[in-house]
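Data first, discussion second: the structure below is written as structure tokens.
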Amino acid sequence: MGATEPEQVIDHFCKLFNSGDLDGLINNLYEDDAVFIPSPTDAPISGKANVAAALKGFLALGGTLSVLTTTTIKHGDIALTHTHWRLDIPGAEAMESVTAEIVRRQPDGTWKYAIDNPWGGAVLSA
């Protein structure tokens, strides 16, 4: 499942996340050397193995991810996306934030994360 437009990346992410498909998330939506921000207070990590380890922790929460709103600014083969998301976690307080992400068109025409910051501007106040 590859995103053929930049705004589809988050929709595919949501579907794969909610189905618990870690391999699908990593292989379909992240560049090999993608950068990921695990939390507002953590340093960025890079590479599919590190991103997979971080996402595995989020999947373990057993929550349901919802996309509330999203916007995309496209320029050639790169795009900046912002998504307001919410993760409802059974028996726990929901997580919610607005992202700031860079996606890039791949040689096969699909779009993948080059930089995935699920916390957006929250990293500024951490």
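The values are calculated or read from the model by the stated rules, or taken from the named source; none is laboratory data. This is a predicted model, so every value here is computed, not measured. Virtual Cβ from ideal backbone geometry, glycine too; neighbours counted across all protein chains shown.
Scanning the range 91-126 for residues that are of a type in the set (Asp, Glu) and either surrounded by 16 or more Cβ atoms within 10 Å (Cβ to Cβ) or out of contact with any Phe, Trp or Tyr (no Cβ under 8 Å at 6 or more places or on another chain) (or both) returns Glu93, Glu101, Asp108, Asp116. For the condition of a type outside the set (Val, Ile, Thr) and at pLDDT below 95, Ala126 qualifies.
Being more than 15 Å from the chain's Cα centre (by Cα), of a type in the set (D, E, K, R) and either at pLDDT 95 or above or over 20 Å from Gly2 (Cβ atoms) (or both) holds for only one residue in Asp88, Asp116, Asp32, and it is Asp88.
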